[in-house]
Amino acid sequence: MEKKSLNIEVGRRIREIREYQHFTREQLSEKANISIQFLSDIENGYKSMTALTIINLAKALNISTDYILLGKSSSGNSNERDEIIFNLLAALPEEKKQSIEELIRLFIKNIS
């Protein structure tokens, strides 16, 4: 089975985010309603996805479909680490976001 470059890039992003969020393939495949083998094939660049699968994976990982497909958000941000952090923070309740913001401000102040 031949790998296509888009499938390789998309699969790499999905795997990196899954691992960053400490999901196993089993956990993510269950959340996205796909088989473990299909997820493995996606992550390894062997399979492409339908729009529904892309949406389900984006919801399961709390990321944008733009990031899955393009590696950037619809705002044009192409920094992968920033996008991952943004999406992780976006999934938090508002009170947790405020706590994280305060911690970041303190951290930056202390390292400056």
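The values are calculated or read from the model by the stated rules, or taken from the named source; none is laboratory data. Values in this document were obtained by computation on a predicted structure and should not be read as measured data. Please note: Cβ atoms are built from the backbone with ideal geometry, for glycine as well, and neighbour counts cover all protein chains shown.
Could you say which residue among ILE104, ILE108 is surrounded by fewer than 10 Cβ atoms within 10 Å (Cβ to Cβ), assigned to a helix (DSSP H, G or I) and modelled with pLDDT of 85 or more?
Details: ILE104 fails: surrounded by fewer than 10 Cβ atoms within 10 Å (Cβ to Cβ).
None of the others qualify; the one that does is ILE108.
When the residues of segment 68-82 are filtered to those that are in a helix (DSSP H, G or I) and either modelled with pLDDT of 80 or more or of a type in the set (Val, Ile, Thr) (or both), which remaining residue is nearest to PHE23 (Cα to Cα)? Looking at the filtered set, the residue picked out is ILE68. I'm trying to understand the selection: among the residues of segment 14-27, which are under 19 Å from ASP66 (Cα atoms) and either among the aliphatic types (A, V, I, L, M) or over 13 Å from the mean Cα position of the chain (by Cα) (or both)? If the condition is that a residue be under 19 Å from ASP66 (Cα atoms) and either among the aliphatic types (A, V, I, L, M) or over 13 Å from the mean Cα position of the chain (by Cα) (or both), then ILE14, ILE17 are the ones that fit. Scanning segment 26-47 for residues that are of a type outside the set (A, V, I, L, M) and closer than 17 Å to LYS59 by Cβ turns up GLN27, SER29, GLU30, LYS31, ASN33, PHE38. Suppose the filter is assigned to a helix (DSSP H, G or I), modelled with pLDDT of 85 or more and aliphatic (A, V, I, L, M); does ILE85 pass it? So ILE85 fails the test. Selection of segment 6-41 for residues being aliphatic (A, V, I, L, M) and surrounded by 15 or more Cβ atoms within 10 Å (Cβ to Cβ) yields VAL10, ILE14, ILE17, LEU28, ALA32, ILE34, LEU39. Scanning segment 42-67 for residues that are charged (D, E, K, R) and either surrounded by fewer than 18 Cβ atoms within 10 Å (Cβ to Cβ) or outside any helix (DSSP H, G or I) (or both) yields LYS47, LYS59, ASP66. Residues that are more than 22 Å from ILE85 (Cα to Cα) and β-branched (Val, Ile, Thr) within segment 20-41 comprise ILE34, ILE36, listed in sequence order.
Kindly evaluate LEU61 against the criterion of being at pLDDT below 85, among the aliphatic types (A, V, I, L, M), over 21 Å from LYS4 (Cβ atoms) and in contact with a helix residue (DSSP H, G or I) (Cβ under 9 Å, 6 or more places away or on another chain). Judged against the criteria, LEU61 is not a match.
With the structure loaded, tell me whether SER29 is among the hydroxyl-bearing types (Ser, Thr, Tyr), modelled with pLDDT of 95 or more and touching a Leu at 6+ places or on another chain (Cβ under 6 Å) or whether it fails that test.
Yes: the conditions hold for SER29.
Restricting attention to segment 1-44, the residues that are in contact (Cβ under 8 Å) with a residue 60 or more places away in the chain and of a type in the set (Phe, Trp, Tyr) total 1.
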